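Visitor: Got a structure for you, written out below as structure tokens; questions coming shortly.
What follows is calculated from the coordinates using simple rules that are stated; it is not laboratory data. All figures in this text were calculated on a predicted structure; none of them were measured in a lab. A quick note on method: Cβ atoms are made from the backbone with ideal geometry, for glycine too, and the neighbour counts reach across all protein chains shown.
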Amino acid sequence: LGLRVNPEYSQAPKEIYNPCASYSRLGTTLQNFDSSILTSCEGLHFHALCEQDSDALENVLQHFEKKFQEYIPQMKWINFGGGHHITRKDYDIEKLITLIKKFKAKYHVEVYLEPGEAIAWQTGTLVTTVLDIIHNGLDIAILDSSAEAHMPDTIIMPYRAEVKNASKAGEKKYTYRLAGNTCLAGDIMGDYSFDQALKIGDKVIFKDQMHYTMVKATTFNGIKLPSIAIKKVEGNVEIVREFGYEDFKQRLS
């Protein structure tokens, strides 16, 4: 059994992903810390990072130790949470190793890191098809997918998903607003430009969609969930699972 604590410090790039923001419900602060329950706990846990380097972890650790140092030696383990962008090319792995070794030697505890986005970062694609192209001030490509239902973080965070062979609006010859097929007016992936004009039936491929997409996908408006498939090295595609109307119906009745 462990207890989540709030070090009251984070360098999270967006407030929505900041677990140490004012009035956060995530983790007890030192002011509200009840040390009497530690007899039932084996470890303490904090999570204060979001897609960040070991420099950010170093700063969080300083605040964590400052607030909870007297309790750490009583624990068997400390969980440094997730948000470590370990697989990013410029991530300072050596600093992470040094921080963990130093902490373990100082307090004689085990250290855990939570597997997170880094495991699936820059993997997986969402393959969509152009259903229609309309014009209303600019060309709009309607896809058989949805930012709201299939890529909610592009709206919530928000962030701009990368599209294969596409650039920002105006950088290439043909610019389109890529839009979803739900009733939500804001179901829009963004404006992208292409070397060739899009046609009905063309594939538009969103990159880096493995993390926080399948697990967050919904059947809003009765939109079908994307099929899950594996593309083999040889090029053939294996369909792992397909979804249909029954999946939508069973979730509601």
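Visitor: Tilt of helix 93-107 relative to the longest C-alpha principal axis of the chain, in degrees (0 to 90, nearest 10)?
Guide: Around 30 degrees separate the two axes.
Visitor: For a footprinting-style exposure proxy, rank 210, 189 by other Cβ within 10 Å, fewest first.
Guide: 210, 189
Visitor: Does anyone have the angle between helix 54-68 and the longest principal axis of the chain? Alpha-carbon axes, 0 to 90°, nearest 10?
Guide: So the helix axis and the longest Cα principal axis differ by about 40 degrees.
Visitor: For region 2-119, just the Cα atoms, rotate onto the principal axes and tell me the three extents in Å, largest first.
Guide: Taking max minus min along each principal axis of the Cα atoms, region 2-119 gives 43, 34, 22 Å.
Visitor: Name the lysines eligible as straight-distance cross-link partners of residue 216: C-alpha to C-alpha under 23 Å, and not fewer than 8 places from it in the same chain.
Guide: 14, 164, 203, 207, 224, 231, 249
Visitor: Could I ask something else about it? Roughly what % of DSSP beta bridges within the chain run antiparallel, to the nearest 5?
Guide: 60
Visitor: For 208, 195, 53, what ranking results if the residue with the fewest other Cβ atoms within 10 Å of its Cβ goes first?
Guide: Listing 208, 195, 53 from fewest to most nearby Cβ atoms yields 195, 208, 53.
Visitor: So what J values fall out for region 71-78 if you push phi through Karplus, 6.51 cos²θ - 1.76 cosθ + 1.60 with θ = phi - 60°, rounded to Hz, Gly and Pro as x?
Guide: These are the phi-based 3J(HN,Hα) values: 9, 4, x, 7, 9, 8, 8, 10 Hz.
Visitor: While we're on this one: Multiply the residue gap between residue 104 and residue 185 by 0.36 nm, knock off their C-alpha separation, and tell me the result in nm, one decimal place.
Guide: Additional length available on full extension: 24.0 nm.
Visitor: Using a cut-off of 12 Å between beta-carbons, work out the net charge of the residues near residue 162 (Lys and Arg +1, Asp and Glu -1, residue 162 not included).
Guide: Charge balance near residue 162 sits at +3.
Visitor: Explain nothing, just the number: dipole magnitude of the chain about its Cα centre with +1 on each Lys and Arg Cβ and -1 on each Asp and Glu Cβ, in debye rounded to the nearest 20.
Guide: It works out to roughly 160 debye.
Visitor: Students often forget the sequence filter, so: which aspartates and glutamates lie under 14 Å Cα-Cα from residue 67 once same-chain residues fewer than 8 apart are removed?
Guide: Qualifying aspartates and glutamates at Cα under 14 Å: 8, 34.
Visitor: In the Gaussian network model of the chain, springs joining C-alpha atoms below 10 Å, which of 111, 237, 163 carries the largest mean-square fluctuation?
Guide: The residue with the greatest mean-square fluctuation here is 237.
Visitor: Taking the Cα atoms of region 125-217, what is the range of coordinates along each of the three principal axes, in descending order and whole Å?
Guide: The Cα atoms of region 125-217 stretch 34, 26, 23 Å along the principal axes, largest first.
Visitor: Jot down the radius of gyration and Dmax of the chain, Cα atoms only, both in angstrom.
Guide: Just the Cα atoms of the chain yield Rg and Dmax of 22.5, 67 Å.
Visitor: Residue separation times 0.36 nm, minus the C-alpha to C-alpha distance between residue 168 and residue 30: what's the value?
Guide: In short, 45.1 nm is gained.
Visitor: Using the crude model of +1 on Lys and Arg Cβ and -1 on Asp and Glu Cβ, and no other charge, please compute the dipole size for region 78-138 relative to its Cα centre, in debye to 20.
Guide: 440
Visitor: I'd like the FRET efficiency for residue 119 and residue 18, computed as 1/(1 + (r/R0)^6) with the beta carbon distance as r and R0 of 22 Å, rounded to 0.05.
Guide: 0.50
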